[in-house]
Amino acid sequence: MNTMLAQIKSLPKLVDEIYPSLNETVRQVLDHELCLSVKRLFLVGCGDSHHVALNTEYAFEALAGVPTEPMTAMQYARYGAGFMPSTGPLTNLLIGISVSGAVARTVEALRMGRQCGAVTIALTATEGSRVTQEAERTFLAAAPSFEEPPGTATPGVRSFFVNQLALLLSAVRLGEVRGRLTLSEAETWRSQIRRLNEAVDWTIEQSESQARELAEAWKDANEFVFVGAGPNFGTALFSAAKILEASGDSALGQDAEEWGHLQYFARTAETPTFFITACGRDYSRTVEAATAAKAIGRRVVAIAPNKATELVGLSRYHLPIAEVPEVLSPVVAAIPGELVAAYRSEVIGEPFFRGFGGGRSIEGGGGISRIRTSDTWEVWQP
Ligand SMILES: O=P(O)(O)OC[C@H]1O[C@](O)(CO)[C@@H](O)[C@@H]1O
């Protein structure tokens, strides 16, 4: 049984299961006083929890009008927190994102943010976890548990999806209370978020067979590149992360402009290169980059809506995503990469996370990599 595929296919129902409680929690955590006073927002986390911050920066800026900085937990904790502008109480808002609530660097980021005067919120699936002890407020957002054979570790897609919805609803809430959105505009955004279940369902149905075919046809590939911009730069990083976790292949997420400055010069001609776009502000540059990629022999794939005819025309495979506003598009755009990763692992017979062998260990969330027990700033500070 491919548990990653099963998780992907559970996503449309997950919207129905969690939407009402998420919406309620957003209202409680983001009260009027905070919504009105905040001047800037820092979104921090590690891995998928960093990618979701990149996915939603655009929503906070466009829908809520709040300047937003998505940062890795490391960058914020050690190089950001101490340099936030001193604009007074309740003006710097820090949301530390950690599904497990136990990742040391995100705990440290929340601690440093609080010490430096930010309002701190822990967005987590784990009640009572370390991040909740560090932050002033907790935003609990958990996917209902998913039946899996005992001892199975599956690359996470459900928790990431829940966090995408939680942050998009937070952006709408901020926009509504701050008067950036009218009540009826806010309701329209909420109902579009609510209906993402249909868009996700459609995307899975339309892209699954192409994802499987591509995984079988390109067994020989030993590297995968995902390219995206704006909110879908995070999708590119996340898609590469799923390949690394699922099949262990070298995989890279890159910005659509940066690709032309860097990967364009990579020696291996036929690297599968996936261009992810919702046909938004990025589209003209994405088509230019894909044109160049095709010209130098890359195996080009489009992860895009059907209306992306120019991009699709350049591509060997098209994994269609539903047409939704660009600001919401990472919710659907993450699906094809997840499907490719799930099938790639199956086709080459590679266990998820390398079965945590070769010196790796699952306990402590990564064992020797010390993602949960790493020394924090106070311990090593000179
Ligand atoms: O959201 P969390 O629990 O802080 O985890 C962050 C990252 O660390 C891992 O749990 C393990 O590397 C990833 O799955 C995740 O992307």
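The values are calculated or read from the model by the stated rules, or taken from the named source; none is laboratory data. Only a predicted model underlies this, so the values are computations on that prediction, with no experimental measurement involved. Glycine gets a Cβ as well: all are built from the backbone with ideal geometry, and neighbour counts include every protein chain shown. The area values use the complete protein model at the heavy-atom level, side chains included, leaving out ligands, DNA and RNA. Shrake-Rupley method; radii C 1.70, N 1.55, O 1.52, S 1.80 Å.
Observations, loosely collected:
- Note on Thr373 and Arg316: their simple-model spin labels are 4.5 nm apart, each label 7 Å out from Cα toward Cβ.
- In the context of the full protein assembly, Cys46 retains an accessible surface of approximately 50 Å², using a probe radius of 1.4 Å and ignoring ligands and nucleic acids.
- Pairwise alpha-carbon distances in the stretch 3-194 exceed 24 Å for 35% of all pairs.
- Here the chain has 51 percent of its accessible surface on carbon and sulfur atoms, given a 1.4 Å probe and all protein chains in place.
- In this label model, Arg360 and Gln115 are separated by 3.3 nm, measuring between points 7 Å along each Cα→Cβ vector.
- Long pairs among Lys13/Lys307; Lys219/Lys294; Lys13/Lys39, criterion Cα-Cα beyond 25 Å: Lys13/Lys307; Lys13/Lys39
- Helix-derived mean residue ellipticity, 222 nm - over the chain, DSSP H n ≥ 4, -39500 (n - 2.57), to 500: -15500 deg cm²/dmol
- Share of alpha-carbon pairs per 5 Å distance bin for the stretch 204-284, given as whole %: 3, 14, 23, 26, 21, 11, 2, 0
- Applied to the stretch 300-307, the Karplus parametrisation 6.51 cos²θ - 1.76 cosθ + 1.60 on θ = phi - 60° returns per-residue 3J(HN,Hα) values of 8, 10, 9, 10, 6, x, 4, 6 Hz, with x for Gly and Pro.
- Around Glu270: net Lys/Arg minus Asp/Glu count, Cβ-Cβ under 15 Å: +3
- Electrostatic bookkeeping for Gly297 treats Lys and Arg as +1 and Asp and Glu as -1; over the other residues with beta carbon under 12 Å from its beta carbon, the sum is +4.
- Between Pro89, Val324, Ala304, the Cα set farthest toward the positive side of the dipole of the chain (charges on each charged residue's Cβ, about the Cα centre) is that of Pro89.
- Normalised by 2.2 N^0.38 Å, where N counts its residues, the alpha-carbon radius of gyration of the stretch 234-382 equals 1.22.
- Label separation (Lys13 vs Met1): 1.2 nm, computed from points 7 Å beyond Cα along the C-beta direction.
- Translational D in µm²/s for the stretch 148-262 (Stokes-Einstein at 20 °C, 1.002 mPa s, Kirkwood Rh from C-alpha pairs): 127 µm²/s
- Average accessible surface for the chain: 40 Å² per residue, computed with a 1.4 Å probe over protein heavy atoms with every protein chain in place.
- Within the assembled protein chains, the solvent-accessible surface assigned to Trp377 is about 60 Å², based on a 1.4 Å probe.
- Amide H to amide H, with H built 1.01 Å from N, Thr271 comes under 5 Å of Arg299, counting only residues 5 or more places away or on other chains.
- Gained length - Arg195 relative to Lys307, 0.36 nm times residue gap less alpha-carbon distance: 38.3 nm
- When each of the peptides 142-154, 237-249 is scored by the mean number of other C-beta atoms lying within 10 Å of its residues, the order from highest to lowest reads 237-249, 142-154.
- Separation between Cα centres of the stretch 264-280 and the stretch 229-243, rounded to whole Å: 13 Å
- A simple count of charges around Gly248, restricted to other residues whose Cβ falls under 15 Å of its Cβ and scoring Lys, Arg +1 and Asp, Glu -1, yields 0.
- For the pair the stretch 77-156 and the stretch 290-369, the centres of their Cα atoms are 27 angstrom apart.
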